[in-house]
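Notes to accompany the following structure.
The values are calculated or read from the model by the stated rules, or taken from the named source; none is laboratory data. Bear in mind the structure is a predicted one, so any value in this text is a computation, not a measurement. Counting neighbours? That spans all protein chains shown, and the Cβs are built from the backbone with ideal geometry, glycine included. Side chains included, ligands, DNA and RNA excluded: accessible areas come from the protein's heavy atoms. Shrake-Rupley method; radii C 1.70, N 1.55, O 1.52, S 1.80 Å.
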Amino acid sequence: MKLRKNIAVSEAGLLFNPVTGESFSVNPIGIEILNLLREEKTDEQIHSAIMSRYSTDKPTFEKDYQDFIGILKHNNLLESHEETKA
Amino acid sequence: MTKLRYERPVIKKLETGMPNKFGTRTEYQPMTHLDGIAVEKLMKDYGSPLFVISEKTIRKTIQKAKKAFKTRYPRVQFAWSYKTNYLNAICSIFHQEGSWAEVVSGFEYDKAISLGVDGKKIIFNGPEKSEEDLTKAIKNDSLIHIDHLDELYTISELAEKQKARPRVAIRVNMDTGVYPMWDRFGFNYENGQAWDAINKIMHSDNMELVGLHCHIGTFMLAPSAYGIAASKLAELALSVQEKYKHEIKYIDLGGGFASKNTLKGAYLPGSDTNPTFDDFAEVISSALLNSNFKQEKLPMLILETGRALIDEAGYLLGSVISNKRSSTGRRNTILDIGVNILFTSFWYDHKITPAQAFTHYSEDTCIYGPLCMNIDVIRESASLPLLNKDDHVVIHNVGAYNMTQWMQFIALRPNVVLIDMDEKPHVIRLRETLDNMNSMEKVPAHLKKFNV
Ligand SMILES: Cc1ncc(COP(=O)(O)O)c(C=O)c1O
């Protein structure tokens, strides 16, 4: 999974999608995850990166992570497989 | 290296323009303490969920209400509406503050007597008073508010039998411009029923008509309706005086003042918009002072205010069980607080505050209770900071009706704790146990054995 290329994330947590003109606000842990996605890290790499920095347990974070990814997909912020291949 | 406090990752689309149905977020401070005691400690010591009542807030509120009326009208008496919250400790606080008791059933009547309230200071309302209840009330010289003619005749017969002359009032219903009009209780003013009842009492020797009573509705947001009610009862009292040369000693305007809660669907929070005690007092005292009573013959004004005196003093503490998403992507949060103990969530958008620190990120959330039922919704939509599993929340303004209308459904009812004036906690109602429940049941002998 990868963040769409042209999407800008500011340090303050504002995300702008130039294709749709939509803006989003993201919390700091969300920004970290977006940046890891941009770097094309795998789910496992993202999990261990977050778990090493935050006090949470694996089941909790996995559930929240899946939920977060779901919302990114819902808002068309991730590249789909087809696009990645092309 | 110490790790950072975990918060769920969230992303939220920014909408420009109108506030949405989730309203604007107003919670910028967690509620970590109640009257000086840490919420965490309360929940650790007494469990979750937990009702907490502030004695300070009760006393402050009743004193504020009394002041609003007493500075405007010379003779005011509050009577605590038992049905609003009849935990003995709570009633006792109101009685210490000088309130009489207002009861609507034999059970509530006995509760007031068992607490030590002088029978003469108990107002007995309601459509159902058994002969046994009435006999007691007559013997104790309580104020009996007659709801219908059948009751009037019963009281007359019992008075004869007991060789007593009970003090009575009639409950009057009337058009005050408020819809729906509460006309199922008492005698109607406009169609002459009230006069008919008054004539019957005045022509019988065995009852003394001491008052006129009304209760025009509940959670009233229009003080003007009380002005109309007060004027109509004043006019009725003056006409009785004129016709029978008989003095009506008090006018009882019932309860119904709105508390600081926010009604479901209201656009602005009730704490900002609902009328104050001063607003109600101004209209009511003007109506009475502007009527034709002579200064020295002004009737006593009785108020049976319930919810407005206790809602703010009550908090319900609870814990987050889980966060989920609905099939449409909506955030759902499940609490251990259901509508079985928070009955008033059917009427109000209760304010909910996290009990621990949070960031300024928020999410639009639907708050559910733990009951396996579709109706178990605490808030259909709330904009709340991110809550994790096991986080604690404080629900505000729950003091009225919840601790009387709660249901023992699926689970046992929780502890109720009072925080006293010195900020010390006291359990005033113990959490129920399975033994409590089972002690009321009996299993016939032939059902005692089974094989499954
Ligand atoms: C006769 C009577 N008095 C007083 C009250 C208290 O009303 P509230 O809690 O709205 O002030 C009620 C409540 O329904 C009532 O029926």
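For the reader, a short list of remarks on this structure follows.
- Amide N proximity, the stretch B:378-402 versus B:S326 label position 7 Å along Cα-to-Cβ, cut-off under 17 Å: B:378-384
- Only beta bridges with both residues in the protein assembly as shown are counted; by DSSP, about 50 percent of them are antiparallel.
- Cross-link pairs beyond the 27 Å C-alpha cut-off, checked among A:K2/A:K58; A:K63/B:K260; B:K232/B:K264; B:K83/B:K389; B:K389/B:K424; A:K63/B:K3: A:K63/B:K260; B:K232/B:K264; B:K83/B:K389; B:K389/B:K424
- For the protein assembly as shown, the residue among B:L430, B:I228, B:M300 whose Cα projects farthest onto the positive side of the dipole built from Cβ charges is B:L430.
- Calculated FRET efficiency for the pair B:K243/B:R165, C-beta based, R₀ 25 Å, to 0.05: 0.80
- Span from the the stretch B:412-441 Cα centroid across to the the stretch B:183-241 one, whole angstrom: 40 Å
- Dimensions in Å of the stretch B:56-311 - Rg and Dmax from alpha carbons: 17.6, 57
- A:M51 - accessible surface, heavy atoms, 1.4 Å probe, Å² rounded to 10: 50 Å²
- Beta bridges per DSSP with both ends in the stretch B:56-311, % antiparallel, nearest 5: 0 percent
- Under 15 Å from the B:M373 label point (7 Å along Cα→beta-carbon), backbone N, the stretch B:316-359: B:337-347
- Theoretical FRET efficiency, 1/(1+(r/R0)^6), r = Cβ-Cβ of B:N88 and B:K13, R0 45 Å, to 0.05: 0.30
- Dipole of the stretch B:56-311 [Lys/Arg +1, Asp/Glu -1 at C-beta], most positive-end residue of B:F78, B:I93, B:A194: B:I93
- Each Lys and Arg Cβ is given +1 and each Asp and Glu Cβ -1; about its Cα centre, the stretch A:8-85 then shows a dipole of about 100 debye.
- Counting only residues at least eight positions apart within a chain, or on another chain, the aspartates and glutamates with an alpha carbon under 15 Å from that of B:K243 are B:D196, B:E235.
- The helix-based estimate of mean residue ellipticity at 222 nm for chain B, built from -39,500 (n - 2.57) per DSSP H run of four or more residues and divided by its residue count, is -8500 deg cm²/dmol to the nearest 500.
- Gain upon complete extension [B:D420, B:D205; 0.36 nm per residue less C-alpha separation]: 72.5 nm
- When only Cα pairs below 8 angstrom with a gap of at least 6 residues are kept, chain B shows a relative contact order of 19 percent.
- Put simply, chains A and B cover up around 2100 Å² of each other's accessible surface, both sides summed, when a 1.4 Å probe is used.
- Counting Cβ atoms of other protein chains within 10 Å of each Cβ in A:53-64 and taking the mean gives 4.
- A cut-off under 14 angstrom between Cβ atoms defines the neighbours of B:A237, and their net charge, with Lys, Arg +1 and Asp, Glu -1, is +3.
- The stretch between B:M181 and B:E296 holds 38.0 nm of extra length on full extension. This uses 0.36 nm per residue minus the Cα-Cα distance.
- Calculated FRET efficiency, A:N75 to B:K442, Cβ-Cβ distance, R0 = 51 Å: about 0.25 to the nearest 0.05.
- A simple spin-label model places pseudo-atoms 7 Å from Cα toward Cβ; at A:T42 and B:D141 they are separated by 9.0 nm.
- A crude spin-label estimate for the pair B:F107 and B:D279, with each label 7 Å from Cα along the Cβ direction, gives 3.4 nm.
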